[in-house]
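Following: one structure in structure tokens, then a few remarks.
FYI, it's all coordinate maths here, none of it is from the lab. Note that the structure is a prediction, hence the values are computed from the model and not measured. Ideal geometry is used to build each Cβ from the backbone, glycine not excepted, and the neighbour counts take in all protein chains shown.
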Amino acid sequence: MIKFLKPALLIIFLISAQLVQAQKIKYKDLFPMLEAKSYDTAIPMLKTYLSDSKNADDANANLQMALYYEQLVGNYHLVEDSTAIMESADSALVYLLKAQVLVDDKELRKNDDYYQAYYRRDLRSGEFGIKLSDVQLDIENKIKAMKSIVDHAGQIYASLFAMNRDYTFCYDAYTGFVKKHETEAKFYLMSQQEQLETLQKMMDYTLDIREKFNDLRTIVSLTGVKGYSPELEFRRIREFGTDGMEEIDFFANDVRAWDYGAWAELAYSKIERDVLPMKEGLVAFDKKLKAEYESMDGLATVKFEELTLEIDPKLLKEMKELEDEPLPETLFEIQIKLNTYDFITKPMQNPRIEDMEDVDYQVTITDSLLSIIDNIEANAKTLVEPFITEGTNKYPALVEGEYGGDFGLIKLRQKMEGFVDKSRSKWEEKNEEALKRSQWAVSTDGADSIYLVTNSDGEAPRYLSDYYSIATHRDDSANIFVIGLEMKGSESKGFFAKVNKSRTIEWKNTFSLSKFKVDKTNLLVFGEFFKSQEGSVSAYVFSLAESGQNNMIAVSYDMAGKNNWINPINAPKKPVSIKMNDIVKETIIYFVTEEELETYAGSDSPYVVIDRLGNVR
């Protein structure tokens with residue numbers, strides 16, 4: 001029982017001691033300290049004094065306690081000391097309200113020494129004194145000020161907290177984008193509905209921050225508290241990943257924030273206006289290419305000019321603006337080349353593929369097919385990681401919807417590898433065969449042949465054939481006209497032949513090399529076809545062999561192989577140009593340039609003229 005009595009007795013003792021202490025304090029002794037603002041000493045004593053119920057209604061004591069808390073309010077920072085300033089303002093308000101009731105005329109007459117701060121001259125009567133109305137007005141103004149702080153300080157802190165929270169969301173979202181995407185363009189490409197929703201929130205939150213900050217400035221002005229005048233400056237994000245990366249404290253006096261809202265608005269607009277429509281266009285373009293491919297499977301014929309032979313320039317430009325090597329470009333190139341290959345190799349679409357008689361076409365088309373196969377191979381090789389996964393993330397609608405995802409791209413690569421191996425073997429063989437056929441002309445009975453590769457092609461293959469080709473000319477019907485030297489027997493002759501597109505010799509005529517010297521050790525003989533009258537074909541051969549009297553021979557034949565004329569010419573040098581006068585039908589062979597001709601003073605003729613009948617002058 002004694003154990004329980006001891007704490008109770010201690011409490012009673014302390015209360016009694018405090019009451020005794022309060023009774024000992026005389027307010028007239030305490031007031032000078034309060035007036036001097038010696039609050040460290042005076043306030044504890046004042047609190048003790050007011051704790052006595054006999055002193056609780058002391059008007060000036062309550063007023064002085066209110067003034068003390070009012071001073072604390074003035075010394076605190078509105079934001080940094082938000083809790084303390086609210087508590088002090090609330091305490092000041094309690095004592096002010098009490099003092100407002102207690103201070104009356106009787107109080108002023110009895111304790112006028114405590115109210116000397118209100119001693120002033122009455123403007124109407126001219127007398128000096130203390131007026132109750134002045135004291136009450138001052139108390140009323142202080143009550144309004146404290147009420148304003150109590151009412152608004154919490155609101156200010158809540159607004160700052162909300163702004164800081166919203167800004168932190170924007171900061172976290174933006175820096176998250178930067179960490180995940182190397183460039184702004186990659187962010188655009190990777191963005192889906194989730195990212196668009198985040199960008200919208202960033203725009204909304206930034207707008208809220210602007211509005212809340214404007215409201216905050218108004219609220220701060222209503223408190224009347226000095227020392228806090230918030231300013232907000234928004235900085236534009238100009239360089240993705242560099243700007244906007246540091247955190248900002250909205251509780252600071254001057255806030256220099258990053259304008260995440262403006263950045264988000266531009267990004268949202270770019271994605272919604274450009275990127276998403278582009279992605280839709282990519283899917284549509286892919287469907288178009290595949291529809292063209294499928295259209296060639298049936299019996300219907302497709303015109304080559306109806307095929308899509310290149311990627312839509314607008315789509316390609318839009319993709320290239322965002323990245324250098326977009327996955328869709330690779331996929332489209334593969335499909336376009338597959339479509340072209342399919343068209344060329346299917347007789348239903350391209351009957352000429354079976355025309356083995358058209359040797360030039362077979363050479364050209366097999367070259368083209370091998371080029372197509374090389375292109376498919378090069379593009380298919382790129383379908384590996386991380387290109388596949390990154391591309392799938394950037395273009396999910398295209399890859400997932402049209403190719404079966406990243407696994408579908410792997411299967412496509414494997415399919416193309418098999419296609420390339422099989423097709424290349426086939427068309428390399430056909431190309432080699434066509435090339436060999438293109439180099440030889442053979443008579444219908446197989447007894448005669450001409451090697452069509454000329455010395456201008458870097459070879460002197462006279463040992464391969466009885467005929468050494470010096471120059472060739474192709475007409476619009478794929479016929480080849482060839483002029484050269486016949487190497488049979490002891491005496492060389494010139495020959496002129498027509499070879500059709502199947503490399504069959506239609507006709508071959510020889511002509512005499514009268515006094516035309518040929519050095520058989522190196523065959524320094526040159527030739528060229530030149531423009532002649534309609535229905536004829538003309539050419540010349542020129543030899544650099546020494547001591548030849550006629551080192552140049554010009555010949556002309558009609559299309560049936562009938563000789564028009566043969567003209568030996570003693571040329572001073574190899575011709576530099578040959579022109580035809582269409583009016584008089586004369587051929588002019590120049591041995592000097594037109595510029596040299598204007599000042600020519602040599603002994604040799606600078607040109608010769610062959611008239612329409614073949615006469616030389």
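Dividing the helix sum by the residues of the chain, where each DSSP H run of 4 or more adds -39500 (n - 2.57), gives a mean residue ellipticity at 222 nm of -17000 deg cm²/dmol.
Kindly express, to the nearest 10 degrees and within the range 0 to 90, the angle between helix 405-439's C-alpha long axis and the longest C-alpha principal axis of the chain. The helix 405-439 is inclined about 20 degrees to the chain. Rounded to the nearest 20, the Cβ-based charge dipole of the chain about its Cα centre (Lys and Arg +1, Asp and Glu -1) stands at 960 debye. Which aspartates and glutamates have a Cα less than 19 Å from the Cα of Lys508, not counting those fewer than 8 places away in the same chain? Partners within reach: Asp445, Asp448, Asp466, Asp475, Glu486, Glu491, Glu528, Asp558.
Remark: relative contact order (region 445-610) = 12 percent; criterion is Cα-Cα distance under 8 angstrom and separation of 6 or more residues. Once you sort the root eigenvalues of the Cα gyration tensor of the chain as a ≥ b ≥ c, which label holds: rounded (a/c under 1.5), prolate (a/b larger than b/c) or oblate (the other case)? The shape class here is prolate. Here the contact order of the chain, divided by its residue count and restricted to Cα pairs under 8 Å and six or more residues apart, works out to 6 percent.
Computed from phi, the 3J(HN,Hα) profile of region 497-502 under the Karplus parametrisation 6.51, -1.76, 1.60 (θ = phi - 60°) reads 9, 10, 10, 7, 5, 8 Hz, with x in place of Gly and Pro. Give me the lysines in straight-line cross-link reach of Lys54: C-alpha distance below 22 Å, same-chain residues under 8 apart excluded. Candidates past the 8-residue exclusion: Lys24, Lys26, Lys28, Lys98, Lys106, Lys110.
How would region 18-155 be classified by its alpha-carbon gyration tensor: rounded, prolate or oblate, with rounded meaning a/c under 1.5 and the a/b versus b/c comparison settling the rest?
It comes out oblate by the Cα gyration axes.
Mind running the shape call on region 445-610? Use the C-alpha gyration tensor, a ≥ b ≥ c as the square roots of the eigenvalues: rounded below 1.5 for a/c, prolate if a/b tops b/c, oblate otherwise.
oblate
A straight line joining the Cα centroids of region 101-132 and region 38-88 runs 23 Å.
The string of couplings for region 111-116 from the Karplus curve (6.51, -1.76, 1.60, θ = phi - 60°) is 10, 4, 5, 7, 10, 5 Hz, one whole number per residue in order, with x for Gly and Pro. With a Förster radius of 41 Å, plug the Cβ-Cβ distance of Asp29 and Asp151 into 1/(1 + (r/R0)^6) and report the FRET value to the nearest 0.05. With R0 = 41 Å, the Cβ-Cβ based efficiency is 0.60. Candidates Pro326, Ile553, Val103 compared by Cα position along the dipole of the chain: farthest toward the positive end lies Val103, with charges placed on Cβ. When the pairs Lys287/Lys381; Lys186/Lys317; Lys493/Lys515; Lys381/Lys411; Lys531/Lys574 are compared against a 19 Å limit on Cα-Cα distance, Lys287/Lys381 fall above it.
Taking amide H atoms as placed 1.01 Å from N in the peptide plane, the amide H of Arg235 lies under 5 Å from those of Ala257, Trp258, Asp259, each 5 or more residues away in sequence or on another chain.
In the chain, a dipole from Cβ-located charges (positive for Lys and Arg, negative for Asp and Glu) runs towards its positive end, and of Tyr167, Thr340, Ile353 it is Tyr167 whose Cα lies farthest in that direction. The dipole here belongs to region 472-617: it is taken about the Cα centre, uses +1 on the Cβ of Lys and Arg and -1 on the Cβ of Asp and Glu, and is about 660 debye. Between helix 359-381 and the chain there is an angle of about 20 degrees, using the helix long axis and the longest principal axis of the Cα atoms. The residue list Gly614, Leu435, Thr472 was ranked by how far each Cα lies along the charge dipole of the chain toward its positive end, using unit charges on Cβ atoms, and Leu435 comes out on top.
Computed 3J(HN,Hα) for region 550-561, one whole-Hz value per residue from the Karplus formula 6.51 cos²θ - 1.76 cosθ + 1.60 where θ = phi - 60°, is 10, 8, 8, 10, 9, 9, 8, 10, 8, 5, 8, x, glycine and proline marked x.
Helix 82-102 axis versus longest C-alpha principal axis of the chain: approximately 30°, rounded to the nearest ten.
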